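To start, the structure itself, in structure tokens.
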Amino acid sequence: MDKKLFGSAMLKFISGLLLVGLLLFLPAGSFAYWQAWLLIGILFLPMFLAGLVMMAKSPELLRKRLSAKEEQAEQKQVIAFSGLMFLAAFVLAGLNYRFGWLRQPRWLVWAAAALFLLGYLLYAEVLRENAYLSRTIEVQENQKVIDTGLYGVVRHPMYAATLLLFLAMPLVLGSPLSFAVMLLYLPIIAKRIRNEEAVLEQGLEGYTDYKKRVKYKVIPGIW
């Protein structure tokens, strides 16, 4: 086992866990916010298990995803907007719990949790299908177009998975107000996809033909 990689992964994992907990429980003013505990469980437990699997089977992929940093100014803006979106959604969810602004039925919380886990499964399948998957927009050495599996259905199945994850997340938290905030993810990923496809068309052989074969970007039959 690469001890340095393991230490780096654990540091990011624990930092993320503490940050999410702080953003949820501090505005809520209570650790009795059970929907926050539910989200933390279904978010971080699969993440931890996936990290262990990647550490054992594909440490290079894990290293790449931990250390990746965007170089393009346009994508740095996308990352910044995404961070602000999550900050607002989490804080608003905690405040909604504290003050009871909008109530959400319990069954919707559990249905959203199921959809969230489905999004995780889709994300894991995307990682399995595409060894070139990166957190940054780039064309890697010897990269080839992937056009089978989920990539034969939509061109960006990773964004399809994250869209499901991010829209389910505020409903797990029982916060319709946060759901409205997370709808901002749609224009955010639309901007990212435009830039990503421009880079891939320019630098990845066969991508233009792939776009002609697979019409939809994220949602089959819609977008």
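If the requirement is being at pLDDT 95 or above and either out of contact with any Ser or Thr (no Cβ under 9 Å at 6 or more places or on another chain) or part of a helix (DSSP H, G or I) (or both), which of these qualifies: 198, 168?
Among 198, 168, only 168 is at pLDDT 95 or above and either out of contact with any Ser or Thr (no Cβ under 9 Å at 6 or more places or on another chain) or part of a helix (DSSP H, G or I) (or both).
If I ask for residues that are touching a residue at least 40 places away in the same chain (Cβ under 8 Å) and either within 18 Å of the chain's Cα centre (by Cα) or not in a helix (DSSP H, G or I) (or both), which ones from the range 3-23 would you list?
To start, the set of residues in the range 3-23 that are touching a residue at least 40 places away in the same chain (Cβ under 8 Å) comprises 5-6, 8-9, 12, 20, 23.
Once the filter is applied, which keeps residues that are touching a residue at least 40 places away in the same chain (Cβ under 8 Å) and either within 18 Å of the chain's Cα centre (by Cα) or not in a helix (DSSP H, G or I) (or both), the range 3-23 yields 9, 12, 20, 23.
Taking residue 82 and the conditions (1) outside any helix (DSSP H, G or I); (2) modelled with pLDDT under 95, which numbered condition does it fall short on, given that it satisfies the others?
Evaluating residue 82 over (1) outside any helix (DSSP H, G or I); (2) modelled with pLDDT under 95 leaves (1) as the failure.
If only one of 127, 95 is within 15 Å of the chain's Cα centre (by Cα), surrounded by 13 or more Cβ atoms within 10 Å (Cβ to Cβ), modelled with pLDDT of 80 or more and assigned to a helix (DSSP H, G or I), which one is it? Spell out the reasoning first.
Values: 95 fails: within 15 Å of the chain's Cα centre (by Cα).
Result: 127 is the single residue among 127, 95 that is within 15 Å of the chain's Cα centre (by Cα), surrounded by 13 or more Cβ atoms within 10 Å (Cβ to Cβ), modelled with pLDDT of 80 or more and assigned to a helix (DSSP H, G or I).
The values are calculated or read from the model by the stated rules, or taken from the named source; none is laboratory data. Everything quoted here is computed from the prediction, not taken from an experiment. We place every Cβ from the backbone using ideal geometry, glycine too, and count neighbours over all the protein chains shown.
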